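The values are calculated or read from the model by the stated rules, or taken from the named source; none is laboratory data. Just so it is clear, the structure is predicted and the values come from calculations on it, not from any experiment. Here the Cβ is made from the backbone with ideal geometry for all residues, glycine too, and neighbour counts use every protein chain on show. Calculation scope for accessible area: heavy atoms of the full protein, side chains included, ligands and nucleic acids excluded. Shrake-Rupley method; radii C 1.70, N 1.55, O 1.52, S 1.80 Å.
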Amino acid sequence: MITMADREKQLDCLAKNIYFEAGHEPFEGKVAVAQVTMNRVESGKYSDDVCKVVYQKNVIYEKVVCQFSWFCERGPVAKVKGPAFDESMEVAKKVLLENFRLPSLKGAMYYHADYVKPNWNLPKITKIGNHIFYGERI
């Protein structure tokens, strides 16, 4: 059973991820980042906990890699304020509590900023704002 405190913690984790990944993106960009996070939560391939998905780290070839780069760069952040965070929290509520989704991103599991060239061998789904979204390997 999820308590109110658990739900508030999940909202905070999701809102921080939206803020640090897409805080100055349009509404659709914020929803897209939140949706990828929730797609991972619901996939069975990651944790079923929003915070654990957001803060997940892996060690690959002796290098620590975060699922979301802001966490490796900044680490845990206690408080965030301002209009961009307020909007990120509203998007988190819509996505987590109201199950709001963008139909085109149903299978989106990954994304990166458009100025990054990771050479992923993944099917491209779409570009929203400054992010390119991908599905699973075929």
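Only residues that are assigned to a helix (DSSP H, G or I) and free of Cβ contacts under 8 Å to residues at least 24 places away in the same chain were counted in segment 98-116, giving 2.
Restricting segment 94-138 to residues that are among the basic types (Lys, Arg) and farther than 21 Å from Val41 by Cβ, the residue that is surrounded by the fewest Cβ atoms within 10 Å (Cβ to Cβ) is Lys117.
Here Phe85 fulfils each of the conditions (1) surrounded by fewer than 16 Cβ atoms within 10 Å (Cβ to Cβ); (2) in contact (Cβ under 8 Å) with a residue 12 or more places away in the chain; (3) out of contact with any strand residue (DSSP E or B) (no Cβ under 9 Å at 6 or more places or on another chain) apart from (1).
Scanning segment 60-95 for residues that are within 27 Å of Arg137 (Cβ to Cβ) and in a helix (DSSP H, G or I) turns up Ser69, Trp70, Phe71, Cys72, Glu73, Val95. Do we have Glu90 as open to solvent by 40 Å² or more (accessible area, probe 1.4 Å) and without any contact (Cβ under 8 Å) to a residue 60 or more places away in the chain here? It is true that Glu90 is open to solvent by 40 Å² or more (accessible area, probe 1.4 Å) and without any contact (Cβ under 8 Å) to a residue 60 or more places away in the chain. Of all residues in segment 21-53, those satisfying the criterion of being over 18 Å from Gly107 (Cα atoms), assigned to a helix (DSSP H, G or I) and open to solvent by less than 50 Å² (accessible area, probe 1.4 Å) are Glu21, Ala22, Cys51. The residues in segment 42-68 that are in contact (Cβ under 8 Å) with a residue 40 or more places away in the chain and under 17 Å from Ala15 (Cβ atoms) can be counted, and the count is 5. Determine whether Glu62 is open to solvent by 50 Å² or more (accessible area, probe 1.4 Å), out of contact with any Phe, Trp or Tyr (no Cβ under 9 Å at 6 or more places or on another chain) and acidic (Asp, Glu). Judged against the criteria, Glu62 is a match.
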